[in-house]
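Trainee: Please read through the structure below; I'll follow up with questions.
Bear in mind these aren't lab numbers, they're just calculated from the coordinates by the rules spelled out. As the structure is a prediction and not an experimental result, all values here were calculated from the model. Virtual Cβ from ideal backbone geometry, glycine too; neighbours counted across all protein chains shown.
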């Protein structure tokens, strides 16, 4: 039940601002993993979140496209680089130590929060 509600909230947030849904899922999955004494690796949790974010992003993109909110002439500029970056990130995640992954994730959240405030 908790995961279903969190997933719905993360989907709304992802559709609303284009990001943030994964952060909600991260904290909920980590909480559920700890509560159920599950030993799921944090890197596996991150991979599950990425899969959910992909699905949310595709659906949000389709909705934005049907409403004419996407500037198509800019897609060739950022889409290939974003795809390549995603592939590299997926391979690097598997190679990094968990401690580094946690610090990188925390740094990104802090940076994004500060940018949003100012």
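Trainee: For region 55-78, give me each residue that is within 19 Å of the chain's Cα centre (by Cα) and free of Cβ contacts under 8 Å to residues at least 12 places away in the same chain.
Mentor: Filtering region 55-78 for residues within 19 Å of the chain's Cα centre (by Cα) gives 55-64, 78.
Matches in region 55-78: 55, 58, 61, 62, 64, 78.
Trainee: Which residue, of 118, 105, 31, is under 17 Å from residue 8 (Cβ atoms) and either touching a residue at least 40 places away in the same chain (Cβ under 8 Å) or out of contact with any helix residue (DSSP H, G or I) (no Cβ under 6 Å at 6 or more places or on another chain) (or both)? If you could, list the steps in order and put the result at the bottom.
Mentor: Working: 118 fails: under 17 Å from residue 8 (Cβ atoms); 105 fails: under 17 Å from residue 8 (Cβ atoms).
Among 118, 105, 31, only 31 is under 17 Å from residue 8 (Cβ atoms) and either touching a residue at least 40 places away in the same chain (Cβ under 8 Å) or out of contact with any helix residue (DSSP H, G or I) (no Cβ under 6 Å at 6 or more places or on another chain) (or both).
Trainee: Same structure again: Looking at this structure, is residue 26 surrounded by 10 or more Cβ atoms within 10 Å (Cβ to Cβ) and under 21 Å from residue 112 (Cα atoms)? Quick ask: steps written out before the conclusion?
Mentor: Numbers: surrounded by 10 or more Cβ atoms within 10 Å (Cβ to Cβ): yes; under 21 Å from residue 112 (Cα atoms): yes.
Yes: the conditions hold for residue 26.
Trainee: Only one of these is within 21 Å of residue 15 (Cβ to Cβ), in contact (Cβ under 8 Å) with a residue 40 or more places away in the chain, touching a helix residue (DSSP H, G or I) at 6+ places or on another chain (Cβ under 9 Å) and surrounded by 11 or more Cβ atoms within 10 Å (Cβ to Cβ): 90, 52. Name it.
Mentor: Details: 90 fails: within 21 Å of residue 15 (Cβ to Cβ).
Going through 90, 52 in turn, just one is within 21 Å of residue 15 (Cβ to Cβ), in contact (Cβ under 8 Å) with a residue 40 or more places away in the chain, touching a helix residue (DSSP H, G or I) at 6+ places or on another chain (Cβ under 9 Å) and surrounded by 11 or more Cβ atoms within 10 Å (Cβ to Cβ): 52.
Trainee: Within region 34-47, which residues are free of Cβ contacts under 8 Å to residues at least 24 places away in the same chain and closer than 30 Å to residue 70 by Cβ?
Mentor: none
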